[in-house]
Amino acid sequence: MVGLLFVLSQPRDGDEPEFHDWYDTEHGPARLALPGIHSGHRYRAIDGAMPGWLAWYDLDLGVLDTDRYRRLRAERSPRESTVIGRLRTLERRVYEPVDEHGRGSGPILLARSLTVRPEAEADFHAWYAEEHIPALHEIPGWHRTRRYVLRDGNAPRFLALHELSGTDLFDTDAYRAATDTPWRTRVMAAVTESERRLFTHHLTFGGTPCQPVSTPSAPAT
């Protein structure tokens, strides 16, 4: 399992066409050309929250310390400098891997971030590994869960990325049962920071866009 570069961004109103063309044809492909960056993807938020766009990259974390990567950030093209300078939001996070469960992918990405009190972390990880993830992965269409710990950035300490086939999973009895247990209640009582975001796939660099998915009304785990 490799590390994760997780970048949230939001263009100003009216800047979207140039923002997407720059990201899809210049910014993302330039990063995928670096050895050690294995895949890159862009997602659109479907939860009504801002920032509305996510890009994430699977990578060897050492890439971020190389001269080639630093030059990408320091020697920006005039276009890149202009687009970045006009963004309403640009938020960058770097994560180290914790564990991975399941396989496959789907168009929906659920990003769940939590910080728990230090004395509760062991119980938090045990709950995820022994109860929560097994219950979620019994739901057809719940494909893969990868967990990370924050190395750099301003965000809750632990991130779980869930890849799903659709938002209809949130309306199932199995989902409701997986997110309503005594152990979960105990873990959540120790949470000090919480973030949950829901996205649909926009583009994989070197791949093709997915079809849009409608915005759900159900909560995220």
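No lab work stands behind these numbers, since they all come straight from the coordinates. Every value quoted in this text rests on a predicted model; they were computed, and no experiment measured them. Reconstructed Cβ throughout: ideal geometry from the backbone, glycine too, with neighbour counts over all protein chains shown.
Odds and ends about this structure:
- Relative contact order (percent, whole number), the range 3-204, Cα cutoff 8 Å, 6+ residue spacing: 29 percent
- Placing +1 on each Lys and Arg Cβ and -1 on each Asp and Glu Cβ, with no other charges, gives the chain a dipole about its Cα centre of roughly 480 debye.
- Using the Cβ-Cβ distance between residue 177 and residue 204 with R0 set to 35 Å, the FRET efficiency works out to roughly 0.60.
- With the simple spin-label model, which puts each label point 7 Å out from Cα in the Cβ direction, the residue 34 to residue 117 separation comes to 4.0 nm.
- Residue-by-residue Karplus 3J(HN,Hα) for the range 23-29, coefficients 6.51, -1.76, 1.60, Hz, glycine and proline x: 5, 6, 10, 10, 5, x, x
- Stretchable slack from residue 86 to residue 71, in nm (0.36 nm times residue separation minus alpha-carbon distance): 3.3 nm
- Cβ-to-Cβ counts within 10 Å put 162, 143 in ascending order as 143, 162, the fewest first.
- The shape of the chain can be summarised by an equivalent ellipsoid whose semi-axes, obtained from the alpha carbon gyration tensor, come to 30, 20, 16 Å from longest to shortest.
- Phi-based couplings in Hz for the range 137-153 (Karplus 6.51, -1.76, 1.60; Gly and Pro marked x): 7, 7, 7, x, x, 8, 8, 9, 10, 10, 10, 9, 10, 5, 9, 8, x
- One Cα centroid belongs to the range 88-115, the other to the range 167-191; the line between them spans 19 Å.
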